[in-house]
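Engineer: My structure is below; once you've seen it, I'll send some questions.
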Amino acid sequence: MSEVTEVTDSDFVDRVVMNPKPTLVDYWADWCAPCKQISPIIDELAREHGDKMDFVKLDTNTNPRTPTEQGILALPTLQVFVGGRVVKSIQGARSKGALLKVLNEYL
């Protein structure tokens, strides 16, 4: 059982890029309604699958450098990192079932 943790511009490389486990990054902002819709789903996935994959959130309001470097143009955006590289990118809110389909090969 795991929880979603916050990452910042300063620890993104250490906690995401250098992480040996697959890592899902949720780029969000407090003004983004779809971000608020998907947040409980990400929390649930982290509780259910946190032993196989790490789940982190990055607040784009307070951490603008990383989203710019990662080419994030819309919120919410989810990226899956494996071996330091983005292997999947999902824009927009999705259902739990739709996210599980995308994440299944990493879980």
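None of the figures in this text is laboratory data; all of them are computed from the coordinates on show. Everything numeric in this text was worked out from a predicted model, so none of it was measured. Backbone-built Cβ (ideal geometry, glycine too); neighbour counts: all protein chains shown.
Engineer: What number of residues in the stretch 59-107 are part of a helix (DSSP H, G or I) and in contact with a helix residue (DSSP H, G or I) (Cβ under 7 Å, 6 or more places away or on another chain)?
Structural biologist: 3
Engineer: OK, next. Among the residues of the stretch 58-88, what is the count of those that are among the charged types (D, E, K, R) and within 11 Å of the chain's Cα centre (by Cα)?
Structural biologist: 2
Engineer: Among the residues of the stretch 43-100, what is the count of those that are surrounded by 14 or more Cβ atoms within 10 Å (Cβ to Cβ) and under 17 Å from Asp11 (Cβ atoms)?
Structural biologist: Residues flagged as surrounded by 14 or more Cβ atoms within 10 Å (Cβ to Cβ) and under 17 Å from Asp11 (Cβ atoms) within the stretch 43-100 amount to 13.
Engineer: Shifting gears a bit: Quick one: which of Asp43, Asp51 is part of a loop (DSSP other than H, G, I, E, B) and not basic (Lys, Arg)?
Structural biologist: None of the others qualify; the one that does is Asp51.
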